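Working notes, structure below.
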Amino acid sequence: MAEKDQKGITTEKDEFSEWFTQLMIKSELADYTKVSGCIVFRPTAWAMWEKIVKLVNERLKKLNVKNIYFPLFIPESLLSREQEHVKGFSPEVAWVTHAANTKLNERLAIRPTSEAIMYDSFQKWIRSWRDLPLKLNQWSNVVRWEFKHPIPFFRTREFMFNEGHTAYATKQESEKEKQEIIGMYNDICKNYMALPSLIGKKSDKEKFAGAEYTVSMEFYMPNGKALQGPDFHHDGQKFAKAYDITFLDEKGEKQYVWQNTWAISTRMLGAMFAIHSDSKGLVLPPKMAPNKVVIVPILFEGSKEKIIQKAEEINKKLKKFNAILDAREEYKPGYKFNEWELKGIPIRIEIGPKEVKDNSVILIRRDTNGKEKVKLILLERKIKLVLEDIQKNLFKKAEKLLKDNIVEANNFKDLENSIKEKKIVLAPLCSSRECEDNLKFKTNGAKILNIPEKQPKKATCVICNKDSDYWAYVGKSY
């Protein structure tokens, strides 16, 4: 027990900040570095990011989106061309001003996002309607330095994401892409990461700097805060006009292109870890877990060799699940059980003298701690079924967490009380920037998360009591 107390998580999930820090460190997902706000992604977390990259790339290939790579450094003159974009990102930009001891003639921004550097090339590459659509994506790291309190995975100064950048000849073609991209991200979040979300448009205040509008996926965290996940930005012709991205249409007339940008980032790993895990440690959806099974032989003198031999046979048969065989003799079984629970392996298989004798194993699932005896002849099929059930169960639990924490409010008092209770509130609001600012001030930090496509009947704005323009999800967020 002393071993578990020292190695395992020592706080409950409702003490979220400390719990999540311990989860990150003790489950070996990430570690801190000497650079504030920048973490090390350890192999388990990185393997899951690689899985997301693979899933996105497979889907982008079907959409005829090609991968590309642009420089990390962006000249200030390029960044400053689109004023709304620059205004939105200027507090976040880290600058390179010197090369060794020599001052640069022009400051270089360390990529906060790549519109500026990419669209300078788009302007050169696009000449006629035959060059469209241009559909490119890059996987990259970005640096955003503005915030005071970085939180591993959720808000880090450097993070990884994909940047989709597309250009079309017409607005209709451009906006059609929204369903494809949000559908792709929703498929991955829901069916692989077991994460439900709230999908809707951002308010004008909260949209991406430079976009006509933003569609976001919002996730509810166990501490009552929302987390913005993958998003789609319809940029209209704003960047096209700023960077002079034009083409000759079929009539030979000069036109500006219509553009979109979209992304998924490593913060989704944080959402997955936080929503599914528990006081014992990491809980992973099987479709995302790098190792789906761990085999722990229960060793006794006199039967040790037979047990290890049988465990090795089982391990070979379970290669498709990337199984781990933990045959370490210097640790007791209880210590190993705690360690693999901490690291979130979906299924643990135990085998001792009794199991060797009757050709069976004990199978324990990580999500419910349910235990059952399984005959070896049925083991592979049973593992497959249990993994499928764990995947479904984790989504159902996450969906319940989300639904249980959404409430409706028709007046400010109810909204305010619900925000204090750490809920996401569906409330009627007008589109006035003044009301949106007052909402944040009066609730001590809550904001519009997004505006769902399906709208209830019109009501009165909970801030100014005039006719509402929409119902929006409101909450505190990262």
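Between the amide H of L325 and those of I295, distances stay under 5 Å, these residues lying 5 or more places away or on another chain, with hydrogens modeled in the peptide plane.
Beyond 30 Å in Cα-Cα separation lie the following of the pairs K148/K207; K306/K373; K343/K403; K66/K148; K7/K292: K66/K148. Sorting the segments 384-394, 453-463, 267-277 by their residues' average number of neighbouring beta-carbon atoms within 10 angstrom, most packed first, yields 267-277, 384-394, 453-463.
May I ask you to order 110-119, 333-342 by the average number of other C-beta atoms within 10 Å around their residues, highest value first?
110-119, 333-342
Per residue of the chain, the DSSP helices (runs of n ≥ 4 H) give a summed -39500 (n - 2.57) that works out to -11000 deg cm²/dmol at 222 nm. Under 5 Å from the amide H of R157 lie the amide H atoms of C38, each residue being 5 or more positions distant or on a separate chain, with H modelled from the backbone and absent for Pro and chain starts.
Dipole of the chain computed with +1 at Lys/Arg Cβ and -1 at Asp/Glu Cβ about the Cα centre; of F232, I25, P150, farthest Cα towards the positive end is I25.
Considering only N291, Y213, I275, the residue lying farthest towards the positive end of the dipole of the chain is N291, judged by Cα position with unit charges set on Cβ. Normalised by the number of residues in the chain, the average gap of Cα pairs under 8 Å and 6 or more apart makes the relative contact order 14 percent.
Taking each residue as 0.36 nm, the span from L63 to D249 lengthens on full extension beyond its C-alpha to C-alpha distance by 64.6 nm.
For segment 332-400, a crude dipole built from +1 on the beta carbon of Lys and Arg and -1 on the beta carbon of Asp and Glu, taken about the Cα centre, is about 80 debye to the nearest 20.
The phi torsions of segment 96-109, fed into the Karplus equation with coefficients 6.51, -1.76 and 1.60 and a -60° offset, translate into couplings of 9, 10, 9, 10, 6, 9, 9, 6, 6, 5, 9, 4, 10, 7 Hz, rounded to whole numbers, with Gly and Pro shown as x. So how much slack lies between T21 and D131, counting 0.36 nm per residue of separation and subtracting their Cα-Cα distance, in nm? Contour length minus Cα-Cα distance gives 34.7 nm.
Think of each Lys and Arg Cβ as +1 and each Asp and Glu Cβ as -1; about the Cα centre, that makes the dipole of segment 209-273 roughly 260 debye. Take the Cβ atoms of K357 and I377, set R0 to 25 Å, and the FRET efficiency comes out at 0.95.
Dipole size of the chain about its Cα centre, with +1 on Lys/Arg Cβ and -1 on Asp/Glu Cβ: approximately 1020 debye, rounded to the nearest 20. Against the empirical 2.2 N^0.38 Å (N residues), segment 339-458 has a Cα radius of gyration ratio of 1.77.
For the listed peptides 296-303, 222-229, a ranking on the average number of other beta carbons within 10 Å per residue, highest first, reads 222-229, 296-303.
Here r is the Cβ-Cβ distance between S121 and E313 and R0 is 51 Å; the resulting FRET efficiency, rounded to 0.05, is 0.35. Taking the Cα centre of the chain as the origin and placing charges on Cβ (Lys, Arg +1; Asp, Glu -1), which of G302, I463, S418 is farthest toward the positive end of the dipole? Sorting the options by dipole projection puts first G302. Shape of segment 212-294 from its Cα gyration tensor (a ≥ b ≥ c, root eigenvalues): rounded if a/c is under 1.5, otherwise prolate when a/b > b/c, or oblate? Prolate, since a/c reaches 1.5 and a/b exceeds b/c.
Read-outs: derived from the displayed coordinates by stated rules, not from any lab. What you see is a predicted model; the values in this text were computed from it and never measured. Positions of Cβ are generated from backbone atoms using ideal geometry, with glycine treated the same way; all protein chains shown enter the neighbour counts.
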